[in-house]
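Comments concern the structure below.
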Amino acid sequence: LTDHFTLANGLEIPSLGFGTWQIPDGDDAYDAVTTALAAGYRHIDTARGYGNEASVARAIADSDVPRSDVFVTTKLPAEIKTYQGAVDSLAESLELLGDDHVDLYLIHAPWPWDDIGSDHSAGNAEAWRALEDALEDGRARSIGVSNFSVSDLEKLAAGARHRPHVNQIRYFVGHTQDDVVAYCRANGILVEGYSPLATGAILEDADVDAVAQRYGRSVAQLCLRYLLQKDVLPLPKSTTPSRIAENADLDFTISDTDLALLDALEDPTA
Ligand code: A2P
């Protein structure tokens, strides 16, 4: 848990993050983040769209861990594609987080959720200018995107002053988006993986279970370790204390043979 990846601007990011998607605001989010911090997580991933930033911040503030030891990510809602909208939304997030900066600020998606797949590159370029300004004046220590394809990344790069430090994508055994990962790698963009357990769908997979048993590990641990060995930062979500701890215990190594076996598996959600 002390391990980290280093972003292109030199900022260190703890190599395991705690995902808070679908954890309701209030006691649920507060308790989950409290448990995660006690279990050793030092990286919390939230979003304006999750509605739980205030509870995340309260859990960090009430913990024994100094705020400066925790890496906090939040995100610009996918619907906001204007410069001023992005400036205002970051201000709201900082207010909810009770802070003057966030460690990583992401554009949540290249398109609004009710318009998936359509071209919003002009809006993304506008919003990106606001993220670049936040990076330059310190409101964000690093900036990036989420759910961006190669084409989305190429369009963004065309007019940008700064390239994204991170692209956060849906990534799990059997769903590895190799074209996006290759582009990110070639351009110094760290890949973060959300839904690293396929939101639970991978846990019943007999092929994955057979590999996990060889290491005396759970399927969840094997799947998270798989991301680390692919240089993809895992963001597992759980509200169950025993699982939160289990998901942070990844101190083992998957052999090259087993990595190749996992690489060849089909998408469990397809
Ligand atoms: P819960 O939150 O009830 O503990 P993902 O990170 O891919 O989105 O997956 C999250 C889902 O996987 C949640 O339903 C979560 O359940 C479950 N989960 C998380 N960690 C584990 C684990 N170690 N063992 C079994 N299920 C897990």
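Read-outs throughout are calculated quantities, based only on the coordinates presented, and are distinct from any laboratory measurement. What you see is a predicted model; the values in this text were computed from it and never measured. All Cβ positions, glycine included, derive from the backbone under ideal geometry; neighbour counts span all protein chains shown.
Observations, loosely collected:
- Straight-distance crosslink candidates among lysines, where the alpha carbon sits under 28 Å from residue 237 and sequence neighbours closer than 8 are dropped: 75, 81
- Pair residue 210, residue 261: separation of 7 Å Cα→Cβ label points (nm): 0.7 nm
- Comparing mean-square fluctuations of 241, 110, 66 from a GNM of the chain with C-alpha springs under 10 Å, the top value falls on 66.
- Rounded Å value of the spacing that divides the Cα centres of the stretch 102-140 and the stretch 213-247: 29 Å
- Close amide H partners of residue 4, meaning residues 5 or more places away or on another chain with modelled amide H under 5 Å apart, are 15.
- Label-point gap, in nm, between residue 119 and residue 67 - each point 7 angstrom along Cα→Cβ: 4.3 nm
- Net charge over other residues, Cβ less than 13 angstrom from the Cβ of residue 102 (K, R count +1; D, E count -1): -3
- Principal axis dimensions, largest first and in whole angstrom, of the chain by Cα: 53, 42, 35
- Degrees between helix 27-38 axis and first principal axis of the chain (Cα, 0 to 90, nearest 10): 70 degrees
- From phi via Karplus (6.51, -1.76, 1.60), per-residue ³J(HN,Hα) for the stretch 74-88 in Hz, x at Gly/Pro: 9, 9, 6, x, 4, 6, 8, 10, 10, 4, 5, x, 6, 4, 5
- Karplus-based coupling profile of the stretch 146-162, in residue order and whole Hz: 9, 6, 8, 7, 4, 5, 4, 5, 5, 5, 5, 5, 4, x, 8, 7, 10, with θ = phi - 60° in 6.51 cos²θ - 1.76 cosθ + 1.60 and x standing for Gly or Pro.
- Taking 0.36 nm per residue of separation and subtracting the Cα-Cα distance, full extension of the segment from residue 178 to residue 92 would add 27.5 nm.
- Only Lys, Arg, Asp and Glu carry charge here, each on its Cβ (+1 for the first two, -1 for the last two); on that basis the stretch 151-258 has a dipole of about 460 debye about its Cα centre.
- Residues in the stretch 7-47 reached by a label modelled at residue 253 [backbone nitrogen below 20 Å; 7 Å Cα→Cβ]: 15-16
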